[in-house]
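Asks: Here's a structure for you.
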Amino acid sequence: MRGDSERANTYAKESFDYMISMSGQPDHWQRNQFYCESMPLQAEGKFALIQKRLEPALELSGQPVKRGTMAHEHIVYMMLVDSAAMAGDEAAIRKYAPLLQALAEQDDHRPYLAISQRAWGIAHRIAGEYAEAEECLKVALRLFGELDTRWQIGRTLFEMGELESARSNTELAEDYFTQALGAFESLEASPDIIRTRAAVMQLA
């Protein structure tokens, strides 16, 4: 039986395929194709290719959301920000996170606001700005907790573990990694389980 995260990924891929097949306008089809092509690259951590595929999508038209923002802008910036965060690309995070954050705040989109805050936390950690990193990660954890998104909670706890590891606070880092591991194991998220166990072993 597949884990929840695998089912979610399958559903997302099928949803994007559906948008492509049902879109009658060439620019809509092309924009959605960018998303589909970028998802496997995001999983593989190929940020440069994701950036190359997604940035042209910002030039295409989209369907406005309730406050006037084009909905596809949220998705493009979310994928760029999250991919940059996973790649540990501080410059890219600082380029795209403000754009995603502004859209998320404008349209009251809490999941994307949380993703932007987690990315900011990673950028601050890389820069050695630990207090700012902690503040952003705590905001992200609170938002994901309110949304009850276990995988995102696990990923955020992992980043909090990374932060405490950078601070040489081994005991607290292990606690965060252990909490993250519990979230990933509940979802059978194998790659994240392996990565988190490796992080715990490196603390020893």
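The values are calculated or read from the model by the stated rules, or taken from the named source; none is laboratory data. As the structure is a prediction and not an experimental result, all values here were calculated from the model. Positions of Cβ are generated from backbone atoms using ideal geometry, with glycine treated the same way; all protein chains shown enter the neighbour counts.
Asks: Could you check segment 97-196 for helices (runs of 4 or more DSSP H) lying wholly inside it with 3 or more residues that are among the acidic types (Asp, Glu) and out of contact with any strand residue (DSSP E or B) (no Cβ under 9 Å at 6 or more places or on another chain)?
Replies: 130-147, 150-166, 170-187
Asks: Now for a separate question. Of the residues Leu141, Leu157, which is closer than 24 Å to Tyr77 by Cα and either surrounded by fewer than 16 Cβ atoms within 10 Å (Cβ to Cβ) or not assigned by TED's automatic domain parsing to the domain that holds Val76 (or both)?
Replies: Leu157
Asks: Also: Criterion first (under 15 Å from Arg118 (Cβ atoms), in contact with a Lys or Arg (Cβ under 8 Å, 6 or more places away or on another chain) and not aromatic (Phe, Trp, Tyr)) does Leu187 satisfy it?
Replies: No; evaluated as a whole, the condition is false for this residue.
Asks: I've got another one for you. Could you tell me whether Ala131 is touching a residue at least 40 places away in the same chain (Cβ under 8 Å) and surrounded by fewer than 22 Cβ atoms within 10 Å (Cβ to Cβ)?
Replies: Against the criterion (touching a residue at least 40 places away in the same chain (Cβ under 8 Å) and surrounded by fewer than 22 Cβ atoms within 10 Å (Cβ to Cβ)), Ala131 does not qualify.
Asks: Out of Ala114, Ala104, Ala180, which single residue is in contact with a Leu (Cβ under 6 Å, 6 or more places away or on another chain), assigned by TED's automatic domain parsing to the domain that holds Glu73 and modelled with pLDDT of 95 or more?
Replies: Ala114
Asks: What number of residues within segment 85-96 are within 13 Å of the chain's Cα centre (by Cα) and assigned to a helix (DSSP H, G or I)?
Replies: Result for segment 85-96: 5.
Asks: Scanning for something within 25 Å of Arg195 (Cα to Cα) and buried (at least 21 other Cβ atoms within 10 Å of the Cβ), does segment 98-108 turn up at least one residue?
Replies: Taking segment 98-108 and keeping what is within 25 Å of Arg195 (Cα to Cα), we get none.
No, that holds for no residue.
Asks: Please enumerate the residues belonging to segment 121-141 that are among the hydrophobic types (A, V, I, L, M, F, W, C) and within 18 Å of Gln152 (Cβ to Cβ).
Replies: Ile122, Ala123, Ala133, Cys136, Leu137, Val139, Ala140, Leu141
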